[in-house]
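The values are calculated or read from the model by the stated rules, or taken from the named source; none is laboratory data. Note that the structure is predicted; figures quoted are calculated from it, not measured. Cβ placement follows ideal geometry from the backbone for every residue including glycine, while neighbour counts extend to all protein chains displayed.
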Amino acid sequence: MTSDPASTTRRRVAVTGAAGKLGRHVVAHLAERGYDVLALDRTRPASPSTPFIALDLTDYGQVIEALSGGVDEHSTPVDAVVHLAAIPAPGLTTNASTFANNSAATYNVFAAARALKVRNVVWASSETVLGLPFDTPPPYVPVDEEYHPRPESTYSLTKALEEEMARHFCRWDPELTMTGLRFSNVMDPEDYAAFPSFDADPSLRQWNLWGYIDGRDGAQAVRLGLERTEPGCEVFVIANADTVMSRSSAELMAQVFPGVEVRKTLGEHETLLGIDKARRLLGYEPEHSWRDHAP
Ligand SMILES: NC(=O)c1ccc[n+]([C@@H]2O[C@H](COP(=O)([O-])OP(=O)(O)OC[C@H]3O[C@@H](n4cnc5c(N)ncnc54)[C@H](O)[C@@H]3O)[C@@H](O)[C@H]2O)c1
């Protein structure tokens, strides 16, 4: 389960992808909660107050230097790693480039953590491993962690392979705690202005079962992952508690996926990306909803 962060000494955490959409929220949230954050990215993050090292994670030597305290002016080794850096979606570059960047970066982070005996790793997996864009309907809803990954793109294939890689790293080191967070589509509050436009046509967002994750709730999940102390690899679906739509979740399923089993009585706007495991094992509870920001 989780430990009380207040009872632990100030922990130094490296955050890869710190300049990114999710990374910005994670860096701010961890700093606010008393973590000593080391930001790692190819690009400098906007926040000048966080110690930062520019690096390319596909180069193992650079990853080892950064995590071990080997870089001038950054001599404290880290106790934990949050690995978010990636090309964050299919189709942004060629498939082979996505695979080469993401798989090498993740292998290097996992392997450097192992070599340096950094025994807590939280990393960004993706909702896509659940079978997005659901051209083949999901096996049931809410979708959860109980069925085997169904990647439908090279980006997602890489995320699925990374999850498998993490399981083996944990098998090799029984003291290692690895937490994979299958984030839904990351949103900033500014993105919510567009949400009402999804309503007219359910097919616009059926690709991810109308889910989303507020970056601030994503950051909460990362912190809860860092607080996990039980060794071993676990993956969690991380989404907000509601959908992006005004019509009910039951209505959406009946209209768009009439043949798919609905395994629970759904709350009116209840997420179809199941977050019960994250609630149960991490204590995750989303605090934000686009409904609180709508114009
Ligand atoms: N954005 C989403 O909707 C979404 C959904 C599910 C999962 N994810 C995952 O969450 C993570 C963060 O996504 P994001 O939306 O913040 O992406 P982003 O593109 O905004 O940020 C990713 C960051 O990683 C850095 N990066 C990439 N490759 C690197 C390398 N080789 N070396 C150093 N830095 C590198 C980039 O410079 C960038 O700042 C990613 O792993 C992504 O796959 C994102």
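What the table shows:
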quantity	calculated
Of all residues making up region 110-120, the number that are farther than 16 Å from GLU163 by Cα and either assigned to a helix (DSSP H, G or I) or under 17 Å from the mean Cα position of the chain (by Cα) (or both)	2
Condition broken by LEU67, with the remaining ones in (1) within 10 Å of the ligand (Cβ to nearest atom); (2) modelled with pLDDT of 95 or more; (3) surrounded by 16 or more Cβ atoms within 10 Å (Cβ to Cβ); (4) farther than 27 Å from PHE257 by Cα satisfied	(1)
Neighbours by Cβ (under 6 Å, 6+ apart or cross-chain): first from region 122-136, touching a residue at least 60 places away in the same chain (Cβ under 8 Å); second near the ligand (Cβ under 8 Å from one of its atoms) and in a loop (DSSP other than H, G, I, E, B)	ALA124/LEU84; GLU127/SER184
Test: HIS168 is farther than 27 Å from HIS293 by Cα and not in a helix (DSSP H, G or I)	no
Neighbours by Cβ (under 6 Å, 6+ apart or cross-chain): first from region 84-109, charged (D, E, K, R) and modelled with pLDDT under 95; second in a loop (DSSP other than H, G, I, E, B) and within 7 Å of the ligand (Cβ to nearest atom)	none
Condition met for THR179 (of a type outside the set (A, V, I, L, M), more than 17 Å from the chain's Cα centre (by Cα) and not in a helix (DSSP H, G or I))	no
Options TYR107, TYR60, TYR35: the member that is aromatic (Phe, Trp, Tyr), closer than 19 Å to PHE169 by Cα and more than 17 Å from the chain's Cα centre (by Cα)	TYR60
Positions within region 76-91 being near the ligand (Cβ under 8 Å from one of its atoms) and of a type in the set (A, V, I, L, M), in sequence order	LEU84, ALA85, ALA86, ILE87, ALA89
Qualifying residues in region 272-287 (those that are in a helix (DSSP H, G or I) and touching a residue at least 12 places away in the same chain (Cβ under 8 Å)) - the one farthest from GLU234 (Cα to Cα)	ASP276
Among (1) in contact with a helix residue (DSSP H, G or I) (Cβ under 6 Å, 6 or more places away or on another chain); (2) away from the ligand (no atom under 16 Å from the Cβ); (3) in a loop (DSSP other than H, G, I, E, B) - the single one VAL244 does not satisfy	(2)
Enumeration of residues in region 229-245 that are out of contact with any Lys or Arg (no Cβ under 9 Å at 6 or more places or on another chain) and either surrounded by 21 or more Cβ atoms within 10 Å (Cβ to Cβ) or under 22 Å from ALA200 (Cβ atoms) (or both)	ASN240
Residue tally, condition within 8 Å of the ligand (Cβ to nearest atom), part of a strand (DSSP E or B) and surrounded by fewer than 24 Cβ atoms within 10 Å (Cβ to Cβ), over region 15-44	1
Pairs, first closer than 25 Å to ALA80 by Cα in region 180-198, second away from the ligand (no atom under 14 Å from the Cβ) and part of a strand (DSSP E or B), C-beta under 8 Å, six or more apart	GLY180/CYS233; GLY180/GLU234
Residue match in region 114-128 (condition: surrounded by 22 or more Cβ atoms within 10 Å (Cβ to Cβ), near the ligand (Cβ under 10 Å from one of its atoms), at pLDDT 95 or above and among the charged types (D, E, K, R))	yes
